[in-house]
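Enquirer: So that we are looking at the same thing, I have put the structure below in structure tokens.
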Amino acid sequence: MKILSLVPGGTETVRALGLADHLIASNELETGVDLVIESSPAPVRSAVSKKARHLSFSPRTLEDIFEAIRSVGEAAGALEEAKALVYRLRNRAMSVQRQWAASKNKPRVYVLEGLDPLSRAGRWIPEMVEIAGGVAHAEPDGRPAAPVSWEDVALFDPDILIVASSGRHLEEAIQEMMFLKKGPICDKVRACREGNVYVVDADSYFTRPGPRVMDGIELLAHLFYPEAAGWSGPSNAYKKMLI
């Protein structure tokens, strides 16, 4: 089985299923490929065998991510492994959710997916916030990221502001935080005034639709309830910022 993944979330899923040895690079197309994972039909179709199976990998919700994992597993001959992985991910989500379900003091959380231009996070990220015990800035309905103003952020009155810049790892996102330092926002947004601003490794844990979004949920729980929820992941997964 030769697998060509054209999307990071697909690659992460293949690796999580223990199929890393089956991944091939795009420059190996001449050797043939059995499975192509892509975000939408692409020109690569003409470059691979007509027998290759194509999977569209463009989730909008956590349930879509779970279904995508099952689809990749089924197409790659690892359906049972995929079912087991989804089962573990669901259990982790439920474990976190149960912890804070009855809380009467859930923090209001605004997640930004872009700073210039300013945009609020969408798709599965509001779901992640809700599962982790926060009140999300948007309904968890799978809608994409959308442009906003600082007035919109201030109107929501967040206790916590999280910068999860799409496609950015932590150090890259910290550089983008310079944009925040230049704007007159601290007097408008309570999370900024009270020092509850976090920048996170969005590419690893938030904006990439793969198994590690569950790590992202556990990271959010730690940021929301630091005394009760630990974080055993890498130290460079997030940083608290003073702006």
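The values are calculated or read from the model by the stated rules, or taken from the named source; none is laboratory data. Remember, it's a predicted structure, so these values are computed and weren't measured experimentally. Every residue, glycine among them, receives a Cβ derived from its backbone with ideal geometry; neighbour counts consider all protein chains shown.
Conditions tested, residue by residue: (1) farther than 25 Å from S165 by Cα; (2) in the same structural domain as D159 (by TED's automatic domain parsing); (3) modelled with pLDDT under 95; (4) charged (D, E, K, R).
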site: D34; (1), (2), (3), (4): yes, no, yes, yes
site: I37; (1), (2), (3), (4): no, no, yes, no
site: P43; (1), (2), (3), (4): yes, no, yes, no
site: F66; (1), (2), (3), (4): no, no, no, no
site: R70; (1), (2), (3), (4): yes, no, no, yes
site: V109; (1), (2), (3), (4): no, yes, no, no
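Enquirer: Follow-up question, since we're still on this one. One residue is enough: does segment 79-89 have a residue meeting the conditions free of Cβ contacts under 8 Å to residues at least 40 places away in the same chain, among the aromatic types (F, W, Y) and in the same structural domain as G10 (by TED's automatic domain parsing)?
Expert: Yes: one or more hits.
Enquirer: So, G142, is that one buried (at least 19 other Cβ atoms within 10 Å of the Cβ) and under 18 Å from L62 (Cβ atoms) or not?
Expert: It is false that G142 is buried (at least 19 other Cβ atoms within 10 Å of the Cβ) and under 18 Å from L62 (Cβ atoms).
Enquirer: Would you check if L155 is out of contact with any helix residue (DSSP H, G or I) (no Cβ under 6 Å at 6 or more places or on another chain), closer than 20 Å to G210 by Cα and not in a loop (DSSP other than H, G, I, E, B)?
Expert: No.
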